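Working notes, beginning with the structure itself.
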Amino acid sequence: MTTDCMLDRRRLVKALMRQRGDAAVVTGLGAPTYDCFAAGDSNLNFYLWGGMGGAAMLGLGLALAQPDRRVIVVTGDGEMMMGIGSLGTIAAQMPTNLGILVLDNEMFGETGQQVGLTGVQSGIAEMALGAGISRAFTIREESEVAELIMAVTEGKGPIVCVAKVQSGKDPVALPSCDGVLLHHRFRKAVISSS
Amino acid sequence: MDSANSSFDWAEDLLPVLRTEGIRHVTTVPDGGLASLLKKCEEASDINVTTLTSEEEGIAFACGAWLGGEKAVLFMQSSGVGNCINMLALPSVCRMPCLMLVAMRGEEGEFNPWQVPMARGVPDVLAAMGVTTYRPATAMEIGQKFASAAGLVYETGTTAAVLISQHIVGVKVFDEEKMR
Ligand SMILES: Cc1ncc(C[n+]2csc(CCOP(=O)(O)OP(=O)(O)O)c2C)c(N)n1
């Protein structure tokens, strides 16, 4: 639901990436992809530039194929809302190694900052609980960031963490958008180190 | 549905193909024509069935499984192809393999007009998105066509769909006595 969005998304993602270990990270199109790249490129990052609504499901397929590896999905509120039903699909499969972080700026930042549905009435953590995700919560304060990072990187999945973030302009940071390159480097990194 | 087709259980031919290809994951929004196949998959201890809320989830799932070193196939009704369109960009642009099996409704013998527009659109929609399609002529041909499609998909990193025509799937029959 609507709040003052306080957290600095770049700082939050950077702190998360410092604690990812050898987790595989899937990023939702738009700012989450740029945030994760800005925190430092890795062959274990799979950047989405499209497929809106599919980030969490891609994470589920990966998590079931790689049960011994942590899988982290970092996505936006608009991207998650488009695939909101997938939280039910994910809950039923119970992937204990899947952590989902939603960077909720309550708008469609990429397309001109139009107000999103989480800025009106909807709460993604509440919808996740309704979908059967056992642990889901929302943070708004710096003091809650450490707990959120622990939950996303180590908490028993499936877990959905929502961080209310600032809508400010961050420096441009664009990873490659060559899908074939992203596919091969990621798959090789995941399979060769598993 | 002709009697030769109805007596032949084509679903029986598909499980060996899944095993030969090492496909461990089945994703689906069910269709009546897939009921026997889905039941066999549910009963197989080496196959994990993921029920979806909408078919495009199965495309993203298959890509994630592939990136993790595994294979997933999407089973759906013809209507579901419409739900997949934009997500098909994902395997296409990344050249990741993606395999689908579609039970056609809205063709010969259909009584429900709501099935017809999407059914009519399926071949064109798939062609427009660069998906290779296979149309087995008989129930006996399904296993072999599905194996061909799987071979193409996993060897070449393409997306393919096997369409099972309604004359093979059969028509849905309502018992109007019961409904009254
Ligand atoms: C199917 C589809 N519809 C619309 C778009 C246009 N689009 C690109 S990014 C985006 C907004 C994403 O919003 P959110 O996930 O909240 O990320 P933000 O940019 O706000 O961080 C939209 C609508 C698209 N790429 N695909």
Per the helix-only calculation at 222 nm, which mean residue ellipticity applies to the protein assembly as shown, given -39500 (n - 2.57) for every DSSP H run of n ≥ 4 and division by its residues, nearest 500 deg cm²/dmol? -12000 deg cm²/dmol
For A:ILE139, enumerate residues with amide H under 5 Å from its amide H, sequence gap 5+ or separate chain, H modeled in the peptide plane. A:VAL162, A:ALA163, A:LYS164
Calc'd 3J(HN,Hα), the range A:74-80, phi into Karplus 6.51 cos²θ - 1.76 cosθ + 1.60 (θ = phi - 60°), Hz, glycine/Pro = x, comes to 10, 9, x, 5, x, 5, 5
What is the magnitude of the charge dipole of the range B:58-123 about its Cα centre, with +1 placed on the Cβ of each Lys and Arg, -1 on the Cβ of each Asp and Glu, and no other charges, expressed in debye to the nearest 20? 200 debye
What's the average, rounded to a whole number, of partner chain beta-carbon atoms within 10 Å of each residue's beta-carbon in A:173-183? 3
Which percent of the Cα-Cα distances in the range B:54-141 go past 16 Å? 55 percent
Assign unit charges at the C-beta atoms only (+1 for Lys and Arg, -1 for Asp and Glu), then state the dipole size of chain B relative to its Cα centre in Debye, rounded to the nearest 20. 320 debye
For the range A:139-194 versus the range B:116-165, the gap between their alpha-carbon centres in whole angstrom: 35 Å
Once amide H atoms are built 1.01 Å from N in the peptide plane, which residues 5 or more positions from B:LEU101, or in another chain, come under 5 Å H to H? B:LEU74, B:PHE75, B:MET76, B:VAL162
Ranked list, fewest to most other Cβ atoms within 10 Å of each Cβ, for B:SER78, A:SER122: A:SER122, B:SER78
Which of B:PHE8, A:PHE108 comes first, and how do the rest follow, when ranked by fewest Cβ neighbours within 10 Å? B:PHE8, A:PHE108
Could you please report the charge total around A:GLU147, scoring K, R as +1 and D, E as -1 over all other residues with beta-carbon less than 13 angstrom from its beta-carbon? -2
Let me know the Rg and Dmax you get for chain B when you use only its Cα atoms, in Å. 15.6, 53
Thinking of the range A:50-171 as a set of Cα atoms, what percent of all their pairs are more than 19 Å apart? 42 percent
Scan around A:SER122 for amide H atoms under 5 Å from its own, H built in the peptide plane at 1.01 Å from N, and keep only partners 5 or more places away or cross-chain. none
Which whole-number percentage describes the relative contact order of chain B, with Cα contacts under 8 Å and a sequence gap of 6 or more? 25 percent
Under the Karplus curve 6.51 cos²θ - 1.76 cosθ + 1.60, θ = phi - 60°, whole-Hz ³J(HN,Hα) for the range A:31-44, x wherever Gly or Pro sits: 4, x, 4, 5, 4, 5, 5, 4, 6, x, 5, 8, 5, 8
In Å, the Kirkwood estimate of hydrodynamic radius for the protein assembly as shown over Cα pairs equals 21.3 Å
Ascending count of other beta-carbon atoms within 10 Å, so fewest first, for B:LYS71, B:LYS172: B:LYS172, B:LYS71
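In debye, nearest 20: dipole of the protein assembly as shown around its Cα centre with unit charges on the Cβ of K, R (+) and D, E (-)?
820 debye
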What are the ³J(HN,Hα) couplings of the range A:102-113, residue after residue, when phi is run through the Karplus curve with 6.51, -1.76, 1.60 and θ = phi - 60°? Round to Hz, x for glycine and proline. 9, 8, 9, 9, 6, 7, 8, x, 4, 9, x, 6
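What does the structure give for A:60-71 when I average, per residue, the other chain Cβ atoms found within 10 Å of the residue Cβ?
Per residue, the average neighbour count from other chains is 6.
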I want the local charge near A:VAL190. Using Cβ-Cβ distances under 15 Å, sum +1 for each Lys or Arg and -1 for each Asp or Glu among the other residues. +4
Testing the spin-label approximation: label points 7 Å from Cα along Cα→Cβ at A:ALA173 and B:ARG135. State their distance in nm. 5.1 nm
Total formal charge among the other residues, if their Cβ is under 11 angstrom from that of B:THR51, Lys/Arg +1 and Asp/Glu -1: -2
Please build a GNM for chain A, connecting alpha carbons under 10 Å apart, and tell me which residue among A:ASP104, A:ASP35, A:ASP68 fluctuates the most. A:ASP68
Which of these, A:ALA39, A:ALA125, A:ALA146, has the largest mean-square fluctuation under a Gaussian network model of chain A (Cα springs below 10 Å)? A:ALA146
Provide the percentage of antiparallel DSSP beta bridges, counting only those with both residues in the protein assembly as shown; round to the nearest 5. 5 percent
How far apart, in nm, are the 7 Å Cα→Cβ label points at A:SER192 and A:MET94? 3.6 nm
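Every number here is computed from the coordinates shown, using simple stated rules; none is lab data. All figures in this text were calculated on a predicted structure; none of them were measured in a lab. Neighbour counts run over all protein chains shown; Cβ positions are idealised from the backbone, glycine included.
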